[in-house]
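Every read-out reported here was derived from the displayed coordinates using simple, explicitly stated rules and does not represent laboratory data. Keep in mind it's a predicted model, so treat the numbers as computed, not measured. Note that each Cβ is placed from the backbone with ideal geometry, even for glycine, and that neighbours are counted across all protein chains shown.
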């Protein structure tokens, strides 16, 4: 389905929501056939030759750009960037307390690709943001029935982020034309922010004084306090930068293995402007830790893959991972302390159980 | 001593290390007589008329600047900034496991002032950083006997941070000439970074390809894994941005009070490029939480003061606070999970015990 490998964990077929088996995320780049897919509506099929991008709002010059205009008028730029769904690892929260109507994402709603396109900043410079512009909103054609009222997907990012070097309007993923399932012909890529802000099939870019009033900016993708009613809009705060997170990709949760040295591997990632500097792995649920070796990242906006070897005695063992960023912050120990009504941002220590014989 | 209020908690008189009683930190700005004081050597007394600043290293033009040069050649700039000692709340770590030779700072090794000076970026622009410059090092005249070998205090920050608008060479604190105890005549102020990088009595600024090799950059002020030997240099990572933290300033830890509504107040702060968006306060050690109201910050680099009213039943009660930043990150629950051999960065939930009658 949608060019994905056969063993994807498909949470929903329409809209299409799927994540790969964790081990498929090993390596610096994720092949397109394994890249997680998070959709709120039907995947549109858009002819690249007729696709047009409108740039409007608080700008001096409104623009209408064909794909060829983007490619010819602006300097191409490539960034390796990790996209992470705000609901990644929601299953860990749902184990604490159910979150009705939400997808139980495991630890693989996160993937990394090399994106090629143009800098959003260059396109905005051509339009000329006018005084008062403080947020850049994106809209797409995919209508989400789950929204209240049903509406096309959209969102916004602060102008400061939109003007950064790393935010792209991308038409290529890992050297290939961007597949429809990942927003082709052109999507926004906002490195370091939750995936929801990297709007696929982007068709308009609007400079605003305030954040977008689209349902997915104003009501959904917000971190609410535990006791909040998720149907009441405007509570909590809109998510932007990704929180520090990590996960174990191998062995599989529930695997059986022989006692002795066991290779453990995973990813660590953090959002806007921070870097992962240390990853700890525990063979005993967090009582003792060793430091993993961390591969060089493929870029400033890419996850870091890590490896460790644990000496596991026989028995039921809980392997745990946690990352540290360059401000000395680490991840919370328990999903119970970060539980929230929409199930976002579960960055608690990742835990798997293995049966060691 | 050093113009401080009488009720300072003096951890050491020489070098002078003191923090105010927590309640003295209520309010957006901290008076100079309550501002925490962290020193590694004797406080130098420097005549402002003879003070000179040398700018050298990987620059096109070396500079020698008197205070009058700084004040006349560059545009003055004022920033409200919170400075936080990397060892703030170390006492909470020492309660888990002792940390010999380190000061048991409570939650008041953090303070906020309005600083006036010039932008470090403007001074660096006058010197012209040369290719290869990646770090800006600061040195001071205060010799630290605790260093190995004994040496004047120093440190460095990445060039990217040094070129930001907010980093100052400051000669004024809360509208008064900078007191000797706070680095007068001129100190560095690096908002959002641990206090150790805001070098007092700065006498030279050097552009380097690598971080400073000063003891306080290369060996001290590093976050080590729990099992590391703190006497072995170069382990862990050098601290820079401040980790998300918060504390209860009133009531006092150990206070007695009547049952019923009780006002609780405190601060929340986070480092480079993040914002505090929520503070939770618990009347029962973290089982249930209410959201505090957060005062507007006095500036982008200042802490946020918060207030809540808890309804406390009689008995021994544990009041707990934790903050959330705009990436959806929160603080770790337990100091045991962040314990480290030098006792830095204890940003676990702050807890006080009160006796409710």
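Brief remarks follow.
- Test item: B:317-329 mean partner chain Cβ contacts at 10 Å: 6
- Put the Cα centre of segment A:301-334 next to the Cα centre of segment A:83-157 and the gap is 27 Å.
- For segment B:187-320, relative contact order (Cα pairs under 8 Å, six or more residues apart, normalised by length) works out to 21 percent.
- Prolate/oblate/rounded call for segment A:301-357, Cα gyration tensor, a/c under 1.5 rounded: oblate
- For segment A:212-357, DSSP calls about 95 percent of its internal beta bridges antiparallel.
- Here the calculated FRET efficiency for residue A:62 and residue A:213, from their Cβ-Cβ distance with R0 = 22 Å, stands at 0.65, rounded to the nearest 0.05.
- Highest-fluctuation residue, B:124, B:312, B:223 considered, GNM on chain B with Cα pairs under 10 Å: B:312
- Between identical copies, the spacing of residue B:175 label points, each set 7 Å from Cα toward the C-beta atom, reads 6.5 nm from nearest to farthest.
- Sorted from nearest, the other copies put their residue B:275 label points 2.7 nm away, the label point being 7 Å from Cα in the direction of Cβ.
- Its relative contact order, with pairs defined as Cα atoms under 8 Å and 6+ residues apart, puts segment A:76-121 at 58 percent.
- For chain A, built as a Gaussian network whose Cα springs stay under 10 Å, the top-fluctuating residue of A:297, A:255, A:126: A:255
- Shielding by other protein chains, B:237-246, mean Cβ within 10 Å: 4
- Over all distinct Cα-Cα pairs of segment B:1-153, the Kirkwood formula returns a hydrodynamic radius of 18.1 Å.
- Label-point spacing for residue B:6 across the identical copies (point 7 Å from Cα in the Cβ direction), in nm and ascending order: 8.4.
- Footprinting exposure proxy ranking of A:197, A:351, B:73, fewest other C-beta atoms within 10 angstrom first, gives B:73, A:351, A:197.
- When A:172, A:314 are sorted by how many other C-beta atoms sit within 10 angstrom of their C-beta, beginning with the fewest, the order is A:314, A:172.
- Taking every DSSP beta bridge that has both ends in the protein assembly as shown, the antiparallel portion is near 90%.
- Judged by the ratio a/c of the largest to the smallest principal axis of the C-alpha gyration tensor, segment A:224-328 counts as oblate, that ratio being 1.5 or greater while a/b is no larger than b/c.
- Of all beta bridges that DSSP places with both ends in chain B, some 90 percent have antiparallel geometry.
- Segment B:160-190 versus segment A:225-239: alpha-carbon centroid distance in Å: 40 Å
- Among A:357, B:119, the order by Cβ neighbours within 10 angstrom, fewest to most, reads A:357, B:119.
- Neighbouring Cβ atoms from other chains, within 10 Å of the Cβ of residues in B:331-340, number 4 on average.
- Cα gyration tensor category, rounded, prolate or oblate, for segment A:156-257 with a/c compared to 1.5: oblate
- Highest-MSF residue in chain A out of A:121, A:219, A:259 [GNM, Cα springs under 10 Å]: A:259
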